[in-house]
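Everything on this sheet refers to the single structure shown next.
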């Protein structure tokens with residue numbers, strides 16, 4: 001019988017990033033997050049404050065909202081995140097928000113090398129987008145553990161485990177931290 005192992009639970013570590021080569025991608029935190037019954041509502045306060053901090057040093061912020069909500073009242077970015085008119089909202093029809101090429105074009109134009117990935121759900125949009133960012137697009141990916149969540153602890157922990165063991169060098173591009181442990185210089 002195979003040995004039973006527990007998922008990796010990476011310890012958050014301080015991260016210092018060059019503001020000029022960093023971007024933040026906020027995944028699927030739309031107006032549904034106004035409902036306290038939605039798990040994403042738990043990210044509003046910590047992420048809203050973090051976004052204000054990154055805007056002060058001119059780090060680009062890009063939002064995604066699921067295509068199924070486009071053109072509906074739920075198609076707006078959650079109000080507590082205080083989206084600026086200059087911050088794009090993309091509506092890719094995939095869990096990997098790089099699908100279609102629009103996100104990559106924006107990040108490339110911004111000169112991004114480091115990508116902070118936040119949002120909900122950890123086991124869906126975060127997992128697929130962060131994997132693609134590291135493996136396909138070769139970004140250094142930072143996952144703030146308090147800036148992502150899922151509907152259950154299991155789903156969240158499993159996704160974080162998967163991100164921490166990506167093969168072919170992609171796992172080496174992943175760093176895990178907390179929002180208050182990210183320094184932008």
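The values are calculated or read from the model by the stated rules, or taken from the named source; none is laboratory data. In this text the structure is predicted, and so the values were computed from the model without any measurement. Note that we place each Cβ from the backbone using ideal geometry, even for glycine, and neighbour counts take in every protein chain shown.
All conditions in (1) more than 24 Å from residue 185 (Cα to Cα); (2) out of contact with any strand residue (DSSP E or B) (no Cβ under 8 Å at 6 or more places or on another chain) hold for residue 109, with the sole exception of (1).
Residue 58 meets the conditions (1) in contact with a helix residue (DSSP H, G or I) (Cβ under 8 Å, 6 or more places away or on another chain); (2) assigned to a helix (DSSP H, G or I) in every case but one. The failed one is (2).
Is it the case, given these coordinates, that residue 58 is at pLDDT 95 or above and at negative phi? Spelling it out, it is not the case that residue 58 is at pLDDT 95 or above and at negative phi. Considering region 17-33, and only residues there that are under 16 Å from residue 148 (Cα atoms) and more than 13 Å from the chain's Cα centre (by Cα), the residue that is surrounded by the fewest Cβ atoms within 10 Å (Cβ to Cβ) turns out to be 32. Annotation note: Cβ proximity below 6 Å between a residue of region 119-130 that is at positive phi and at pLDDT 95 or above and a residue that is surrounded by fewer than 24 Cβ atoms within 10 Å (Cβ to Cβ) and not in a helix (DSSP H, G or I) (sequence gap 6+ or interchain) occurs for 119/28. For region 52-75, the set of residues classified as without any contact (Cβ under 8 Å) to a residue 60 or more places away in the chain and either closer than 17 Å to residue 121 by Cβ or under 17 Å from the mean Cα position of the chain (by Cα) (or both) consists of 52, 55, 60, 61, 62, 63, 65, 66, 67, 68, 69, 74, listed by residue number. Within region 98-109, the set of residues being surrounded by fewer than 15 Cβ atoms within 10 Å (Cβ to Cβ) and either assigned to a loop (DSSP other than H, G, I, E, B) or on the phi > 0 side of the Ramachandran plot (or both) comprises 101 only.
Between 134, 150, 170, the distinction of being buried (at least 17 other Cβ atoms within 10 Å of the Cβ) and modelled with pLDDT under 95 belongs to 170 only. Residue 112 meets the conditions (1) surrounded by fewer than 16 Cβ atoms within 10 Å (Cβ to Cβ); (2) within 15 Å of the chain's Cα centre (by Cα); (3) assigned to a loop (DSSP other than H, G, I, E, B) in every case but one. The failed one is (1).
For region 27-51, filtered to residues that are touching a strand residue (DSSP E or B) at 6+ places or on another chain (Cβ under 7 Å), assigned to a helix (DSSP H, G or I) and touching a residue at least 40 places away in the same chain (Cβ under 8 Å), the residue that is farthest from residue 15 (Cα to Cα) is 39.
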